[in-house]
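Have a look at the structure below before the remarks.
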Amino acid sequence: MSFGPGQTGHKKPRVLSGMRSTGKLHLGNYVGALDNWVRMQDKYECFFFVADWHALTTDYADTSKIKENSVQVLLDWLAAGLDPERCTMFIQSHVPAHAELHLLLSMITPLGWLERVPTYKEQKENIKEKDLGTYGFLGYPVLQSADILIYKADYVPVGEDQVAHVELTREIARRFNMFYSGKRSYIFPEPQTLLTPTPKLPGTDGRKMSKSYGNTIMLTDPEPVVRAKLKTMVTDPARVRRSDPGNPDVCPVGDLHKIFSDQTTLEKVEAGCRSAGIGCIECKSWAADALVATLAPMQERRKKYEDNPRLAWDILEAGSARARKVAGATMNDVRDAMNISREYNGASRGAADY
Ligand code: SF4
């Protein structure tokens, strides 16, 4: 039996998404997720969390920066336009009920389901410098399922590479409901994916933008840094000389224009590149103009919180308290369903602030 969105009884469909606490964000994070989150705030009831426990699944050996990294992620969220009045932002580790649900779900999740998650094998093979043969790393999709199910989310916005994780969450929800729902219709709704269109955003070397490649443009990069990075950005390799015509469709700078430049500039790039009427230096300076125009208002907003990081922390605290209420109510249902409620006799009453 499957439970679609709209059957959860939420006033607005509920959305849950998170980002690992990896520190300051780059343009790839913005275009791939954050920009979309900002636009979802009014249409959905949004819960966005800084996934510090998820960061530990790979970066467990050195935790010295983890709190600072969480704050930096939040500062970039606020800079991009997430608004604490219109969405709930919180830190995963401040809502310990995620860990309790993770534990309970881990009891019912067959190992084979985890071993076949595509990112498990892929990351184990790719990240050679860390020992990922840990219990926590294998189990992180279960933690992710707990993150989603504890809010009874209707939707999870994801890119293509995360679809398998949401599918696993649905399977775990179904299995839990089968074992424990009893006479109730169900405990957990099955979340749906909300596929996020992710435009191609290359880094300065033309590969996917990623901190591990050192090819990022950060949301916090000041104008001179943005311009300097653009200057070194690779272009269409066919344009060796100024007189060689190029093709913006195979040029990383062309990709940036498609995302950030206005129609007039785009037309100038199209015509000028293909006819060798413009040089790459000029074209890159237009791309830099567009980037600076996007980043400047964000940096302005960020400044208020950078000057007073306590303000940002208070936002996380208030959001975490709100999240604990919702998660606490779900955990009452879960404990009741599994016959491990805290009441001496009978079911839990009301929502507990866990
Ligand atoms: S003119 Fe612009 S789009 Fe064309 S190759 Fe140079 S940088 Fe790329």
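Whether any residue in region 82-101 is under 20 Å from Thr198 (Cβ atoms) and among the polar types (S, T, N, Q) is what I want to check.
no
Quick one: in region 35-90, of everything that is closer than 15 Å to Leu16 by Cα and polar (S, T, N, Q), which residue is surrounded by the most Cβ atoms within 10 Å (Cβ to Cβ)?
Thr88
Quick check: is even one residue across region 11-29 hydrophobic (A, V, I, L, M, F, W, C) and over 20 Å from Ser210 (Cα atoms)?
The initial filter retains those residues of region 11-29 that are hydrophobic (A, V, I, L, M, F, W, C), namely 15-16, 19, 25, 27.
After this cut, where a residue has to be over 20 Å from Ser210 (Cα atoms) as well, the list is 15-16.
The answer is yes; a qualifying residue exists.
Can you give me the number of residues within region 198-222 that are surrounded by fewer than 18 Cβ atoms within 10 Å (Cβ to Cβ) and out of contact with any helix residue (DSSP H, G or I) (no Cβ under 8 Å at 6 or more places or on another chain)?
4
Could you list, in sequence order, all residues of region 137-193 that are in contact (Cβ under 8 Å) with a residue 60 or more places away in the chain, in a helix (DSSP H, G or I) and closer than 24 Å to Val31 by Cβ?
Residues satisfying the conditions are Gln144, Asp147, Ile148.
In region 279-295, is there at least one residue being outside any helix (DSSP H, G or I) and either away from the ligand (no atom under 16 Å from the Cβ) or without any contact (Cβ under 8 Å) to a residue 40 or more places away in the chain (or both)?
yes
Values in this text are rule-based calculations from the coordinates and carry no lab data. Note that this is a predicted model, so its numbers are computed, not measured. All Cβ positions, glycine included, derive from the backbone under ideal geometry; neighbour counts span all protein chains shown.
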